[in-house]
Every structure is written in structure tokens, then in C-alpha cells.
Amino acid sequence: MVDIATAVMENGMVELKARWFDKGGCGDGCISSFDNCSDDTELYFTFTPMIPNLWVEPTKWANQFCTVRKNFFDPTTGAISTEAKFLLGTAHAWYPQSRSSSGVWLCDYVAESNYYKTVQIYVWDQFALDADCDDKNYDFANVIVNFNHCGSDPKPLVAGNVPLENMTMKATYDEGFFTTMTKDGSYSVGVNANEAYKVSGTKDTDFLNGVTTLDLVIIQKYLEA
């Protein structure tokens, strides 16, 4: 099956989830793919015929997920990888909640030019992440992706990860600042070139999160003084 999709290329880079290409185009909200033996809630989506080997050194995978709320893996071997390689397009990310991998595609600046690429979307059955029953049962579709806006001169990025969702991140420099919100614990914001930035974050909810009993005693004594 061949499908055509369009992605907006911002700052010379775009991240796409394999599950977004499921027939019906409803992102993480629903699944149209099906398997005769697996419920659709147990299907997995990748861009290559390789699933992250989460059963190999599981402590490393768990620590990585606790830090950035996702995992990074080599799309050829399935071994654990790094965020740096992911941002270079040589590693894929894994989102357990949506049972999907994602990839980064880069685009060199070429004026008035779009970038087309054929990618394969793999759908796996319920045994995909079972090391004792890895039967390689998957199917795939060819998708032609049109990366629009490669002709816009990209801005440099300040990016990173924090262990909080919907957190306001501010990149401050001498003449002002830029802000963005975290999504899945990660953030990126376009900034001016040749400037030094200090990154800070704020979140004005869950005020009591992290407040200890000792803190409450000190506050109470202060109010009574």
C-alpha cells in the first residue's frame, strides 16, 4: 500500500510518529490497523523491521525512561541508544504509552524547495516486545512524505528534556527571551544565532508537590509569629 502524507519542516528538522500514519489519521486517538489474532490495543508501530530490545539490560531502559519519558534505540539492532543520535536522525525514539516509535528527518536549507522521502511503516502483533516469542510477525506500507517549508531559512534551536509535562520553558538572553511548553517531557524553541542563553522552567500547578511536613511546620510558625 502506498500513501502520501505532508509534514511541516521547521528549523530543518521534523519528528514523526509511526502510528500517525495508521489509516484514518487519528494520531494517538484510535487505531484502524488490525490483526486476526491480536487486539488493536496490542499492536505496535515502527519505521523499520526492528523493535527496541527492552528485555536486554532492562534497568538501563527504565532509567532512561524515568529521565526523559521515552526511550531511544538503534533502528537496525534494537539496542539502547541516545537522544543525541536521535536528534541527528540515526536513532529512533520509543513511546510505550502509544506503542509507537518516532524518527527525526533533517532537511538542508534549499531555497524554494520541498523534500520528498519514501518511508516504510511497520505494524507488529502483540508478541512484538516478547523476547521469548519474537516471531517477526509484522506488515508494512510505503508512505511518500512531502516535507514542506524546507525553503525557509532555519533558526537555531535550544532543546532538552525535563521530567514534567506542560511546563513553561524560557530561554533568556541579554535582549529578551523565548518561551515554549514541554510535550512528553521534551522542549525545543527557535532562538537567535550567536547568543548565549540561560534556560529555566516554571509550572504553576500542583503547588504542594514536593512540600514536606517540615516545610509546613516552618510555614505555620511563620504565620503565628
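Read-outs: derived from the displayed coordinates by stated rules, not from any lab. Since the structure is predicted, the reported quantities are computational estimates derived from the model, not experimental observations. Here the Cβ positions follow ideal geometry from the backbone for every residue, glycine too, while neighbour counts run over all protein chains shown.
Worth pointing out:
- A Förster radius of 30 Å, combined with the Cβ-Cβ distance separating residue 66 from residue 144, puts the computed FRET efficiency at roughly 0.20.
- Each label was represented as a point 7 Å from its Cα along the Cα-to-Cβ direction; for residue 59 and residue 196 these points are 4.0 nm apart.
- Pairs from the list 60/117; 85/183; 85/117 with a Cα-Cα gap above 22 Å: 60/117.
- Cβ-Cβ FRET estimate between residue 172 and residue 84, R0 fixed at 35 Å, reported to 0.05: 0.90
- The Cβ shell under 14 Å around residue 79 holds other residues with a net charge of 0, Lys and Arg each +1, Asp and Glu each -1.
- Listed from fewest to most Cβ neighbours within 10 Å, the set 187, 122 follows the order 122, 187.
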